[in-house]
Amino acid sequence: MSQYFDVGEQTLWNPSNGPGKLFVSMTKALEPLVGLPSGIGAGRCGPGDPDCHGIDLVAFTRFTDALTRLYRESNHLILRSLLEGVVATAIVLVERGVGTVRALSEQPGTSTRDVQIGPGGPATQAAPDRLAELVADHSAAMAW
């Protein structure tokens, strides 16, 4: 079995059950972190079909942009590590849906929300090249 992530009639991603269900669960868990709905809901297969996930591209782009901004502005290594997989996967889905994640092209601010303290001092902000590499890797690995 597999999962379907669709915008209208267009399938953006068709992963196996494990990664698909995990991605949905993780996006739902991150909604309170950015204070926005993920935009992932019932799919084209009908209400209650757990294998189909319709995407409201406007809401999902807004959600992905907020997560990307949080990732890029944070100096907390663990927070960024925990966000990386979801952010990279979400960016691929937005781009496949012909949306744009503005936070990728903006100069990131500096967040004081979650500051890493410890040996060696605070970690640095996320390098944009790292995220670009992850997005490219995810895109190549994400069947559609």
When both residues are 6+ apart or on different chains and their Cβ atoms are under 7 Å apart, which pairs have a first residue that lies in the range 96-108 and is over 14 Å from Asp56 (Cα atoms), and a second that is at pLDDT below 95 and part of a loop (DSSP other than H, G, I, E, B)?
Pro108/Gln125
Hey, Ser38 assigned to a loop (DSSP other than H, G, I, E, B), among the small types (Gly, Ala, Ser) and free of Cβ contacts under 8 Å to residues at least 40 places away in the same chain or not:
yes
Can you name the residue in the range 41-50 that is surrounded by 14 or more Cβ atoms within 10 Å (Cβ to Cβ) and part of a loop (DSSP other than H, G, I, E, B) and, of all such residues, is modelled with the lowest pLDDT?
Gly43
Looking at (1) closer than 27 Å to Gln10 by Cα; (2) modelled with pLDDT under 85; (3) hydroxyl-bearing (Ser, Thr, Tyr), which is the only condition Ser111 fails?
(1)
Just to verify a result, which residue in the range 65-81, among those that are buried (at least 22 other Cβ atoms within 10 Å of the Cβ), in a helix (DSSP H, G or I) and hydroxyl-bearing (Ser, Thr, Tyr), is modelled with the lowest pLDDT?
Tyr71
Being of a type in the set (Lys, Arg), within 12 Å of the chain's Cα centre (by Cα) and either at pLDDT below 95 or under 18 Å from Gly99 (Cβ atoms) (or both): is that true of Arg62 here?
yes
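The values are calculated or read from the model by the stated rules, or taken from the named source; none is laboratory data. Just so you know, these numbers come straight off a predicted model, no measurement behind them. Virtual Cβ from ideal backbone geometry, glycine too; neighbours counted across all protein chains shown.
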